[in-house]
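Input: a single structure, listed below in structure tokens.
What follows is calculated from the coordinates using simple rules that are stated; it is not laboratory data. Note that the structure is predicted; figures quoted are calculated from it, not measured. Please note: Cβ atoms are built from the backbone with ideal geometry, for glycine as well, and neighbour counts cover all protein chains shown.
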Amino acid sequence: MKKDSKQHIQQRATEPFVPTEGQQEQISTHAEGQSGNSVLRQHAEQQFAEELEELARADRQQRPPNWRLSPWAVRTYLLGGRLPNGFQVSPKYIGNARLIEIAISTLATDRALLLYGLPGTAKSWVSEHLAAAISGDSTLLIQGTAGTDESALRYGWNYARLLVEGPSPAALVASPLMTAMQTGKLARIEELTRISSEVQDTLITILSEKTLPIPELNREVQARKGFNVIATANNRDKGVNDLSSALMRRFNTVVLPLPQDIEEEVRIVERRVADLGQVLELPAEKPALEEIRRVVTIFRELREGKTLDGSLKLKIPSGTLSTAEAISVINNGLALAAYYGDGTLRAGDLAAGLTGAIVKDPVQDRIVWLEYLQTVMKERRSWQDLYRACREVV
Ligand SMILES: Nc1ncnc2c1ncn2[C@@H]1O[C@H](COP(=O)(O)OP(=O)(O)OP(=O)(O)O)[C@@H](O)[C@H]1O
Ligand SMILES: [Mg+2]
């Protein structure tokens with residue numbers, strides 16, 4: 001594999017711009033972080049370090065410049081699989097494999113990747129794992145908000161130094177995006193459409209010219225090979241700040257759908273609950289698949305406004321009932337069972353969480369939920385325990 005030896009940061013004149021100690025340090029603290037077991041939530045590259053290592057060892061395929069793994073290995077990391085030596089890679093994304101292939105191959109081109117979809121469809125999750133597998137670093141992250149300004153995307157200044165020395169490389173504070181350009185890694189932008197349109201437009205030059213000008217220093221940063229951007233945006237936020245067509249053209253959009261059927265959704269919840277239970281060290285038994293299936297059924301029926309068999313129309317509650325909420329309901333139930341029950345998840349442990357997730361508006365949603373309890377739950381013979389527990393809470 002040919003290494004990219006070109007100077008990636010150039011002064012417009014002749015002198016190369018070498019990142020200062022301060023900037024180097026900033027990069028390494030980001031990348032190394034804390035890796036001990038005491039961290040509440042490890043970055044994907046820490047949590048799955050062993051899988052990434054095994055994949056790198058087994059990987060014989062060609063890697064795009066500056067990628068840690070080949071597209072084949074990145075795919076296996078995301079979707080799971082068995083390596084030739086028997087090592088089992090766990091699936092991270094459960095769903096349509098083709099979407100993941102499109103996402104990965106987009107990142108090997110000069111187009112950026114936009115993951116788009118309803119809340120809780122694993123956009124951030126996929127983005128983190130893609131960055132971990134491709135760059136070995138998922139931390140070059142910008143959280144888009146209405147208050148995100150240009151300096152969050154480009155660079156800022158250390159004002160103490162700026163006042164003393166004037167604009168100098170040492171006074172410059174690189175954004176995660178700038179760091180990604182300098183190091184040839186993936187930058188992640190969360191909730192791109194929450195950023196105001198003017199600030200979004202900053203991205204146009206960066207994505208098309210792969211250059212970030214620093215006029216104050218009469219210099220520029222030229223992105224190293226391997227640099228690209230993964231952005232996420234939410235369906236529900238549509239209209240907040242739509243992407244301009246100029247910016248849209250620089251992105252390949254992959255829409256992540258809701259889980260196709262109940263089996264798929266149950267598998268997602270089961271897997272994530274098991275992962276989270278381990279991290280939180282909950283002294284509870286693995287939840288029975290039947291409990292997960294009941295929660296997922298309720299969520300799917302209320303989300304779609306009809307019972308699974310299609311026989312009954314239902315009112316739809318105001319909140320989002322995504323897979324992510326189903327995961328939390330089970331998880332909360334497990335905590336209750338672990339600390340105030342006998343360690344086995346039962347209907348009583350689920351009722352409060354379910355009601356909390358579904359009743360977001362105390363008036364309207366309560367009516368919807370009560371109606372569901374009366375017309376659907378009460379009629380299902382094996383659901384009586386859950387029906388009674390939920391009735392008690394409401
Ligand atoms: N298809 C899926 N495969 C694996 N995990 C999934 C899937 N769908 C949802 N999840 C899980 O749901 C949780 C929420 O996902 P995530 O936070 O990435 O959603 P999001 O799409 O970024 O939502 P938002 O728009 O609210 O930011 C994660 O824990 C993720 O593991
Ligand atoms: Mg997200």
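In the chain, the longest principal axis of the Cα atoms and the axis of helix 262-280 are about 70 degrees apart.
With a Förster radius of 45 Å applied to the C-beta separation of Glu209 and Glu379, the computed FRET efficiency comes to 0.10. Taking label positions 7 Å along the Cα-Cβ direction at both Tyr340 and Asn37, the computed distance is 3.0 nm, reported to one decimal.
Anyone know which of Tyr77, Tyr116, Tyr372 comes out most mobile in the 10 Å Cα GNM of the chain? Among Tyr77, Tyr116, Tyr372, the largest mean-square fluctuation in the Gaussian network model of the chain belongs to Tyr372. Roughly speaking, what % of Cα-Cα pairs in the chain are separated by over 29 Å, rounded to a whole number? Roughly 51 percent, rounded to a whole number. A full extension of the chain between Lys286 and Asp110 corresponds to an added length of 58.9 nm, given 0.36 nm per residue minus the alpha carbon distance.
Computed from Cα positions, the angle between helix 323-340 and the longest principal axis of the chain comes to roughly 60 degrees. Against the chain, whose longest principal axis is taken from its Cα atoms, helix 97-107 shows a tilt of about 20°.
A crude spin-label estimate for the pair Arg271 and Ala49, with each label 7 Å from Cα along the Cβ direction, gives 2.3 nm. The packing ranking of peptides 174-186, 38-50, highest mean first, is 174-186, 38-50, where packing means the average number of other beta carbon atoms within 10 angstrom of each residue. With both labels modelled 7 Å from their Cα along Cα-to-Cβ, the Asp242 to Gln61 distance reads 3.7 nm.
Taking each of Lys313/Lys378; Lys92/Lys185; Lys286/Lys306; Lys123/Lys306 in turn, the alpha-carbon distance tops 19 angstrom for Lys92/Lys185; Lys286/Lys306; Lys123/Lys306. Computed per residue of the chain from DSSP H runs no shorter than four, each worth -39500 (n - 2.57), the mean residue ellipticity at 222 nm is -13000 deg cm²/dmol. Close amide H partners of Ala231, meaning residues 5 or more places away or on another chain with modelled amide H under 5 Å apart, are Leu113, Leu114, Leu115, Ile189.
Extension gain, Leu312-Leu370: 0.36 nm per intervening residue step, less the Cα-Cα distance, totals 19.4 nm. For region 262-393, pairs of C-alpha atoms spaced more than 26 angstrom apart make up 16 percent of the total.
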